[in-house]
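Heads up, the thing below is written out as structure tokens.
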Amino acid sequence: MDFLALFVSLPTRQSAGRMRIWRALRALGCATLRDGVYLLPDSPEHAAALEQIAENVRAVQGTADLFRLAGRDAVQQAGVVALFDRGADYARLLQAIRAALVAAEPRTAHALRREFKAIAAIDHFPGEAQQQVAAVLAELAAVAGGEPRAADGKVRRLASADYSGRTWATRKDLWVDRMASAWLIRRFIDRQAKFLWLDNPKKCPKSALGFDFDGAAFTHVGGRVTFEVLAASFGLDSDPALARIAAIVHCLDVGGVPVAEAPGIEAVLAGARAAAPNDDKLLTEASRVLDNLYKSYKQESSHE
């Protein structure tokens, strides 16, 4: 892919003109390569928009030149694409949407959707983060319309009392989503849960409740990972502390909206995985980490 690069220089006395140009570039979703160099994916529409800005720059005695460029190799190309990342914008919006869900304030749905559309319009390389926010926003829209919280109709609300003392099964060699899901099950859904770690999910016993594999009773649905599906199914998604853990699990499992704590949690869980002789021991160690994380988040939410 080629990119359009607008090189801009404005006289220092043109503070008002500088702000006007900067706002126009921001409205287009330009990435900044360095001071005075702004990028957009190459297209006729973007070329016309940047030419107009260049004319505005020259009108206030500045200089502006438009070039076409591309990364020299795949690594450099990926670095240029990364400059367009909207993760921070989606993270702020996701926090606002989840706050509206927890506070049962569906009246904000229209304003939040308008904000989502504004971000999406300048998200030139949409990915998991956009899908993640869209799924949670759809849930808020459903609440605003009086529909059940599971907006896609595929996540049914269940009673944990009907799932007590069961055997739960997932793929062996646990990692983040399966690890956290098993913790959630034993901590909040089925305190007497027993777990099977499967070599082949296709051989899951019919008496067991499968999770996080194709065809399982609980697995990814829409934009949700298994942890989020379990939380929504059993009415746990309104807990702010669990919602924060869910954001970390989602980020580490499928990407999407970045979470500041995620790399640290990933490192701790990777260490536990390397040291554990089997999945039972690994779940024990991971559960200690997640228990402490939950307590910390719970304490923070109580002070807000």
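The values are calculated or read from the model by the stated rules, or taken from the named source; none is laboratory data. Because the structure is a prediction, the values reported are computed rather than measured. In this analysis, Cβ positions are derived from the backbone assuming ideal geometry, glycine residues included, and neighbour counts consider all displayed protein chains.
Data overview
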| item | result |
| --- | --- |
| Residue satisfying condition, being modelled with pLDDT under 95, in a helix (DSSP H, G or I), touching a Gly at 6+ places or on another chain (Cβ under 6 Å) and within 30 Å of residue 193 (Cβ to Cβ), within set 161, 135, 129 | 135 |
| Extreme residue, modelled with the lowest pLDDT, among residues of the range 10-23 that are basic (Lys, Arg) and in a helix (DSSP H, G or I) | 18 |
| Matching residues, the range 190-213, being surrounded by fewer than 24 Cβ atoms within 10 Å (Cβ to Cβ) and outside any loop (DSSP other than H, G, I, E, B) | 194, 195, 196, 197, 198, 201, 202, 203, 209, 210 |
| Filter result for the condition that a residue is touching a strand residue (DSSP E or B) at 6+ places or on another chain (Cβ under 7 Å), in the same structural domain as residue 288 (by TED's automatic domain parsing) and part of a helix (DSSP H, G or I), over 230, 269 | 230 |
| Answer residue from the range 200-239, given it is within 24 Å of residue 138 (Cα to Cα) and among the polar types (S, T, N, Q) and is nearest to the chain's Cα centre (by Cα) among those | 226 |
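Yes or no, residue by residue, for (1) of a type in the set (A, V, I, L, M, F, W, C); (2) more than 19 Å from residue 134 (Cα to Cα); (3) in contact (Cβ under 8 Å) with a residue 24 or more places away in the chain:
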{"site": "197", "(1), (2), (3)": "yes, yes, yes"}
{"site": "200", "(1), (2), (3)": "no, yes, no"}
{"site": "204", "(1), (2), (3)": "yes, yes, yes"}
{"site": "224", "(1), (2), (3)": "no, no, yes"}
{"site": "236", "(1), (2), (3)": "yes, yes, yes"}
{"site": "243", "(1), (2), (3)": "yes, no, yes"}
{"site": "252", "(1), (2), (3)": "yes, no, yes"}
{"site": "258", "(1), (2), (3)": "no, no, yes"}
